[in-house]
Amino acid sequence: MILRTCLAASTAIALTAGSPLFAQEVVNVAIIGDPDTFDPMVSTKDIVSIVTQHVIETLYTFDEEWSVVPLLAADMPAISDDGKTYTIPLREGVTFHDGSAMDSADVAASVQRWAKVASRGMAIADKIASIEATGPAEVTITLNESYAPLLSLLAFSNSAAAIYPEEILADQIEKPVGTGPYKVESRVPDQYTQLVRFDGYTQPGDAAGERAQTPDEIRFVPVPDPNTRVEGLLSGQFDYADSLPTEAYDRIAASDVAEPVLLEPFGWPIFALNHKEGLATDLNIRRAIQAALPVDDMLFAAFGDEKFFQTDGAFYPEGWAWYTDAGTDLYNINDQAKAAEYLEEAGYDGSPLRILTSRQYEFHYKMAEVAAMALEMAGFTVQMDVVDWATLAQNRDNPAVWDIYITHSPFLPEPALTSIFFSSSREGWDNAEKNEILARFTSETDPQARKEVFAELQAKAYEDVGLLKIGNFNALHGKAKALDSVSPSPWPAFWNASKAD
């Protein structure tokens, strides 16, 4: 620990003394790892979204109430009566970081790429008939069938429908060129990413809120060890620290220089199951896993205090529009003997159940430890593969090397943003009845009817064990007391951040 802390401190000194650009107002942010790409179109990782939202923009975004509002679009789209045609007006006078002006050709080509390479874009590619520039400042998206979540997909910051200059579009984009308030000045892998103010930035409309470009510079420092993030925050090394262990709450609250930021409720831990290859392709194996997990013990091990978690099987908490208890009689069964019966029905031969997890999100690892013990009691042979988050993110795309990987998600404003529901996702949950329910859900436009269909989808997720929700949790971040104008968020933005003298 002392060595890690010293290394982190020396990195901060190096950034101050030798960074490529001296700046008067610098915000230092500790995140759990290094972004492996600056192209948010091809990534669903939070660490990519947190950084790239400052650099790359989308047609729409979410306001503080999670309503979709224009960002690069000039207004909400005109939607045809049949719900199949979206005519989107574009803001004029928007400039990319390379000095070129954004036009409809850039936007159309970018959204076309999104439908080909982004996981969320690919999930609806078969519903898109065309994406065309229909005027110098207008793009039209024509669908084969109505698709209610389209605007939410266009607004989301991971697997994002990012807008780039048409000239740089390729299978892989190495150098990010966006329209955002900051641009990437330099990056030293495993040390820092340095963003500096983009002087050619044009502000969005009032609905999206001002992006004031207050700091001259924002530095994102990868600090994989959670306790080192805490120590860096308490020492004043970092102005903001992401994803902190809950046991640090009291220390941070008692600090003279820092304060806790509790996101309540934040989201849900997920045991994602491999439906493409391996043990979890067998329904009885999945039911055995579902029956064996001691959810209460897992949540307590992960978070330690009930103020940080709720034992709740609904995919959305009470009070949210999407709340339903459909199917939750299969939540938190905690019956290893019943799990053993499912294993016998499956003809389980003792092959290892491979759990892929990381300690960079410490609560993932703690849940995995408790789950492994219960699964072994039920009769599983368990293989824990503990890797860094970057390796996990790479390995989860290879269905040959895992049966379960552990992740989490914030509660998202639109259920269709949860890619795991789609058969095109890396998990590959391809159940015919589920697919039919999902198709009805995404094509339905009436809000009340959509809620009713979502209840069917949640019930099917429990019945077919499409995924395993562990519970609800409140996320702990931390910030310097001197840091202002950073709204609590799963993806905190720092363009308005300022530090008191």
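Can you pull out the residues in the range 184-223 that are more than 24 Å from THR61 (Cα to Cα) and among the aliphatic types (A, V, I, L, M)?
VAL188, VAL221, VAL223
For the range 77-108: of the residues being aliphatic (A, V, I, L, M), out of contact with any Phe, Trp or Tyr (no Cβ under 8 Å at 6 or more places or on another chain) and touching a residue at least 60 places away in the same chain (Cβ under 8 Å), which is nearest to THR179 (Cα to Cα)? Before you say what the answer is, go through the steps one by one.
At the first step, the residues of the range 77-108 found to be aliphatic (A, V, I, L, M) are 78-79, 88, 90, 94, 101-102, 105, 107-108.
After this cut, where a residue has to be out of contact with any Phe, Trp or Tyr (no Cβ under 8 Å at 6 or more places or on another chain) as well, the list is 88, 90, 94, 101, 105, 107-108.
Within this subset, residues satisfying the condition of being touching a residue at least 60 places away in the same chain (Cβ under 8 Å) are 94, 105.
Working: VAL94: 7, ALA105: 15 Å.
Applying the filter and picking the extreme gives VAL94.
Among the numbered criteria (1) buried (at least 17 other Cβ atoms within 10 Å of the Cβ); (2) free of Cβ contacts under 8 Å to residues at least 60 places away in the same chain; (3) not β-branched (Val, Ile, Thr), which one does ALA208 miss?
Evaluating ALA208 over (1) buried (at least 17 other Cβ atoms within 10 Å of the Cβ); (2) free of Cβ contacts under 8 Å to residues at least 60 places away in the same chain; (3) not β-branched (Val, Ile, Thr) leaves (2) as the failure.
Go over the candidates SER152, SER186 one by one and state the one that is in contact with a strand residue (DSSP E or B) (Cβ under 7 Å, 6 or more places away or on another chain), surrounded by fewer than 18 Cβ atoms within 10 Å (Cβ to Cβ), among the hydroxyl-bearing types (Ser, Thr, Tyr) and touching a residue at least 24 places away in the same chain (Cβ under 8 Å). Step through it out loud before you land on a result.
Working: SER152 fails: surrounded by fewer than 18 Cβ atoms within 10 Å (Cβ to Cβ).
Checking each option against the conditions leaves just SER186.
Using beta carbons and a limit of 6 Å, which pairs, at least six apart or on different chains, have the first residue in the range 328-351 and closer than 28 Å to TRP268 by Cβ and the second one part of a helix (DSSP H, G or I) and of a type in the set (Ser, Thr, Tyr)?
Partner pairs satisfying both residue conditions: LEU330/TYR462.
Go through (1) modelled with pLDDT of 95 or more; (2) buried (at least 22 other Cβ atoms within 10 Å of the Cβ); (3) not aromatic (Phe, Trp, Tyr) for ASP349 and report which single condition fails.
Here ASP349 clears every test but (2).
Being within 18 Å of ALA326 (Cβ to Cβ), under 23 Å from the mean Cα position of the chain (by Cα) and not in a helix (DSSP H, G or I) is the filter here; which residues of the range 415-450 pass it?
Those that are within 18 Å of ALA326 (Cβ to Cβ), under 23 Å from the mean Cα position of the chain (by Cα) and not in a helix (DSSP H, G or I): THR418, TRP429.
Of everything in the range 55-64, what is farther than 10 Å from SER157 by Cα and surrounded by 24 or more Cβ atoms within 10 Å (Cβ to Cβ)? Give them in sequence order.
Of everything in the range 55-64, just one residue is farther than 10 Å from SER157 by Cα and surrounded by 24 or more Cβ atoms within 10 Å (Cβ to Cβ), namely LEU59.
Looking at the range 232-247, which of the residues that are of a type outside the set (Ser, Thr, Tyr) and surrounded by fewer than 22 Cβ atoms within 10 Å (Cβ to Cβ) is nearest to ASP36 (Cα to Cα)?
So the residue we want is PRO245.
Is there a residue being among the acidic types (Asp, Glu), modelled with pLDDT of 75 or more and in a loop (DSSP other than H, G, I, E, B) anywhere in the range 42-49?
Within the range 42-49, none of the residues are among the acidic types (Asp, Glu), modelled with pLDDT of 75 or more and in a loop (DSSP other than H, G, I, E, B).
Is there any pair linking a residue in the range 362-391 that is within 24 Å of ASP242 (Cβ to Cβ) and without any contact (Cβ under 8 Å) to a residue 12 or more places away in the chain to one that is of a type in the set (A, V, I, L, M) and surrounded by fewer than 17 Cβ atoms within 10 Å (Cβ to Cβ), with Cβ under 8 Å and at least six apart or on different chains, and which?
none
Which residues, counting only those in the range 148-170, are in a loop (DSSP other than H, G, I, E, B) and either over 22 Å from the mean Cα position of the chain (by Cα) or among the aliphatic types (A, V, I, L, M) (or both)?
ALA148, ALA160, ALA161, ILE163, PRO165, LEU169, ALA170 - these are the residues of the range 148-170 that are in a loop (DSSP other than H, G, I, E, B) and either over 22 Å from the mean Cα position of the chain (by Cα) or among the aliphatic types (A, V, I, L, M) (or both).
One line per residue, one yes/no per condition, for (1) in a helix (DSSP H, G or I); (2) more than 22 Å from the chain's Cα centre (by Cα); (3) modelled with pLDDT under 95:
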position	(1), (2), (3)
THR228	yes, yes, no
GLU231	yes, yes, no
TYR249	yes, yes, no
ILE252	yes, yes, no
SER255	no, yes, no
VAL261	no, no, no
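When you look at ALA302, is it outside any loop (DSSP other than H, G, I, E, B), more than 25 Å from the chain's Cα centre (by Cα) and in contact (Cβ under 8 Å) with a residue 24 or more places away in the chain, yes or no?
no
Among what's in the range 362-381 and is surrounded by 24 or more Cβ atoms within 10 Å (Cβ to Cβ) and among the aromatic types (Phe, Trp, Tyr), pick the residue that is modelled with the lowest pLDDT.
The selected residue is PHE363.
The values are calculated or read from the model by the stated rules, or taken from the named source; none is laboratory data. None of the values given here were measured: they were computed from a predicted structure. Positions of Cβ are generated from backbone atoms using ideal geometry, with glycine treated the same way; all protein chains shown enter the neighbour counts.
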